[in-house]
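Undergrad: Here it is, the structure in full.
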Amino acid sequence: MFLGLDLGTSGVKAVIVDEDGKAVAQGLAPLTANSPYTGWSEQDPSAWWHAACDAVLAIDPEFRRAVRAIGLSGQMHGATLIDENHRVLRPAILWNDGRSAAMCARIEREVPQSRTITGNIAMPGFTAPKIAWVREHEPDVFAHIHKVLLPKDYLRLCMTGAMASDMSDSSGTLWLDVAKRAWSDEMLAATGLTRKNMPDLFEGTAQSGVLLADVASAWGMDRVPVAGGAGDNAAGAVGIGVVEDGDALLSLGTSGVTFVATRDFRPNPDGAVHAFCHCLPDQWHQMAVHLSAASCLDWAARLLNIGGPAELIALAETVTPGAGPELFLPFLNGERTPHNNERLRAGWIGCDGSTTPARLASAVLEGIAFAHADGLAALRNAGTTVDRMTVIGGGSRSTHWGRILATSLDVTLDYLQDGELGPSMGASRLARMCVTGESPATVCTRPALNATIEPDETLHSALGQKLWEYRRIVGVMDTF
């Protein structure tokens, strides 16, 4: 059996998969993020480790004893600063933190060829600008940096003692030469670092370490290998078989992502499209990234005092999509694709005397769909053809939302069995390939199809008109 461990923003999920590729056991432990100031987002790395242990130990000991290898997946871009004694220097600055916008411009000025090297526009969410911020605002902390680790790689350090990362996750640092799959000395120098401050690089299927004896004992396992792993989106793709050129997925987690696998490196930084290494050797991918997706459901449900995301979706189902004038702007933490604007903010507009909580709930689902439509447009403008996508993440449970998404994006959506397990399932597959040497074609198969949703012609006119109005309003906001 193989263990996939996924470190998300809202929790750690552990999944054990058997030799037939079936998930047989799961454990989950919650996490919370802190926002000490507007636009900031941080977490305590020690909380990640405690949650990882809790998630693993929630699984039956019989399954844990049978684990042959472990794969890691995790939230990308987070800056975890480690000193020479492996101690954490400050709370980790997360992927949705917007404080380092000024540093992005500075990095691109200092390295004019940065977009050529990295294939990406500098964004506050990436790791390098965060370190530039620490260098300027917390010089005492910066002076003690020994290594900078991504979130899942901090778990690897706790598990194995190794300072290592994989190509897909490292692509989101802005320090990687993505075409060459190697650290860039020029990009590191722009933030006052060198390769000595970076973890060793591995492909996602390669062995990066072995479980420490005390961790193995505490988890009730042998000292099994730990694979290189992946950033959460690449792991999610592997988990549902999105590995061939042109395969696409739509991830509806805390953030939202449109992901397309590519056989070669295809950057489009001017469209704020991410071009990263895939977690499989000699493969790459493109992404349109939206900083807020399911997080908007949590936020709106709290404001409307209706429980949680499931209750919000149920409330939205009581009205026809697109029926009301209300528009929702899903920018709780700014936005990446296609705007690259950390100042954009969320809220409802267009409300009138007839507005109801149900129409506000529907507007939230619509607004998130419209943001993804803009992201998909950026991919299409880059020459990528997408007419069918597989849906993963917590949002994959709602076929009602699926109708809104399929119509707004003008694509066919496939919903798979265990689609919400994407990243942890992908991590387990990387673990399997690490020890068996099997090919992606053998291991990274597509799970069983649960449902297919086509664009709904009855909703096309209303949602199309609201999408036009959404784009007009966001276009005005984006100029401020």
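The values are calculated or read from the model by the stated rules, or taken from the named source; none is laboratory data. Since we're looking at a predicted model, the values are computed, not measured. Note: ideal-geometry Cβ built from the backbone for every residue, glycine included; neighbour counts use all protein chains shown. All accessible areas refer to the heavy atoms of the entire protein, side chains included, with ligands and DNA or RNA removed. Shrake-Rupley method; radii C 1.70, N 1.55, O 1.52, S 1.80 Å.
Undergrad: As an exercise: evaluate G39 against (1) open to solvent by less than 10 Å² (accessible area, probe 1.4 Å); (2) modelled with pLDDT under 95 and give the number of the one condition it does not meet.
TA: (1)
Undergrad: Only one residue in L467, L409, L405 is in contact (Cβ under 8 Å) with a residue 12 or more places away in the chain and farther than 17 Å from A248 by Cα, so which one is that?
TA: On the way: L409 fails: farther than 17 Å from A248 by Cα; L405 fails: farther than 17 Å from A248 by Cα.
When all the criteria are applied, what remains is L467.
Undergrad: Can you tell me which condition L344 does not meet? The list is (1) crowded, with 19+ Cβ neighbours inside 10 Å; (2) modelled with pLDDT of 95 or more, and all the others hold.
TA: Single failed check for L344: (2).
Undergrad: Output the number of residues of region 249-259 satisfying the condition of being in a strand (DSSP E or B) and either surrounded by fewer than 23 Cβ atoms within 10 Å (Cβ to Cβ) or in contact with a Leu (Cβ under 6 Å, 6 or more places away or on another chain) (or both). Before the answer, list the steps.
TA: Taking region 249-259 and keeping what is in a strand (DSSP E or B), we get 249-252, 256-259.
Narrowing further to those that are either surrounded by fewer than 23 Cβ atoms within 10 Å (Cβ to Cβ) or in contact with a Leu (Cβ under 6 Å, 6 or more places away or on another chain) (or both): 258-259.
Residues meeting the conditions: 2.
Every residue, every condition in (1) closer than 30 Å to A122 by Cβ; (2) within 16 Å of the chain's Cα centre (by Cα), yes or no:
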{"residue": "V242", "(1), (2)": "yes, yes"}
{"residue": "G253", "(1), (2)": "yes, yes"}
{"residue": "H274", "(1), (2)": "yes, yes"}
{"residue": "I313", "(1), (2)": "no, no"}
{"residue": "P338", "(1), (2)": "yes, no"}
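Undergrad: Here is a further query. Take the residues in region 177-189 that are open to solvent by less than 10 Å² (accessible area, probe 1.4 Å) and out of contact with any Leu (no Cβ under 8 Å at 6 or more places or on another chain); name whichever of them is farthest from N120 (Cα to Cα).
TA: Looking at residues that are open to solvent by less than 10 Å² (accessible area, probe 1.4 Å) and out of contact with any Leu (no Cβ under 8 Å at 6 or more places or on another chain), I get L188.
Undergrad: Hey, can you tell me all the residues within region 293-319 that are part of a loop (DSSP other than H, G, I, E, B), surrounded by fewer than 20 Cβ atoms within 10 Å (Cβ to Cβ) and in contact (Cβ under 8 Å) with a residue 40 or more places away in the chain? Don't jump to the end; show me each part of the working.
TA: Pass one, region 293-319, residues part of a loop (DSSP other than H, G, I, E, B): 293, 305-308, 317-319.
In the following step, the residues that additionally are surrounded by fewer than 20 Cβ atoms within 10 Å (Cβ to Cβ) were identified as 305-308, 317-319.
Those that are part of a loop (DSSP other than H, G, I, E, B), surrounded by fewer than 20 Cβ atoms within 10 Å (Cβ to Cβ) and in contact (Cβ under 8 Å) with a residue 40 or more places away in the chain: I306, E317, T318, V319.
Undergrad: Quick test for you: out of K196, K152, pick the one residue that is open to solvent by less than 10 Å² (accessible area, probe 1.4 Å) and under 28 Å from E108 (Cβ atoms). Before the answer, list the steps.
TA: Numbers: K196 fails: open to solvent by less than 10 Å² (accessible area, probe 1.4 Å).
Checking each option against the conditions leaves just K152.
Undergrad: Inspect region 366-389 for any residue being open to solvent by less than 10 Å² (accessible area, probe 1.4 Å) and assigned to a strand (DSSP E or B) and give the result as yes or no.
TA: yes
Undergrad: Still on this structure, I have one more. Contact list please: Cβ distance under 8 Å, first residue in region 19-48 and farther than 18 Å from R64 by Cβ, second residue among the basic types (K, R), pairs at least six apart or on different chains.
TA: Once the first residue is farther than 18 Å from R64 by Cβ and sits in region 19-48, its partners that are among the basic types (K, R) give G21/R429; Y37/R99; G39/R99; W40/R99.
Undergrad: For region 62-87, give me each residue that is within 21 Å of W133 (Cβ to Cβ) and surrounded by fewer than 17 Cβ atoms within 10 Å (Cβ to Cβ).
TA: Of all residues in region 62-87, those within 21 Å of W133 (Cβ to Cβ) come to 75-83, 87.
Passing the criteria: D83, R87.
Undergrad: Please identify the pairs in which a residue from region 192-214 that is without any contact (Cβ under 8 Å) to a residue 40 or more places away in the chain and farther than 23 Å from L174 by Cβ has its Cβ atom under 8 Å from the Cβ atom of a residue that is of a type in the set (V, I, T) and open to solvent by 10 Å² or more (accessible area, probe 1.4 Å), counting only partners at least 6 apart or on another chain.
TA: Qualifying pairs under 8 Å: none.
Undergrad: How about region 282-292: which of its residues are in a loop (DSSP other than H, G, I, E, B), within 17 Å of D374 (Cα to Cα) and polar (S, T, N, Q)? First the steps, then the outcome.
TA: Kept after step one, since they are in a loop (DSSP other than H, G, I, E, B), are these residues of region 282-292: 282-283, 291-292.
Next, only the ones that are within 17 Å of D374 (Cα to Cα) stay: 291-292.
The one that is in a loop (DSSP other than H, G, I, E, B), within 17 Å of D374 (Cα to Cα) and polar (S, T, N, Q): S292.
Undergrad: Moving on. Could you list, in sequence order, all residues of region 209-233 that are open to solvent by less than 30 Å² (accessible area, probe 1.4 Å) and at pLDDT below 95?
TA: N233, the sole residue that qualifies.
Undergrad: Give just the number: which of (1) of a type outside the set (S, T, N, Q); (2) assigned to a helix (DSSP H, G or I); (3) within 30 Å of R429 (Cβ to Cβ) does C279 not satisfy?
TA: So C279 meets the others, but not (2).
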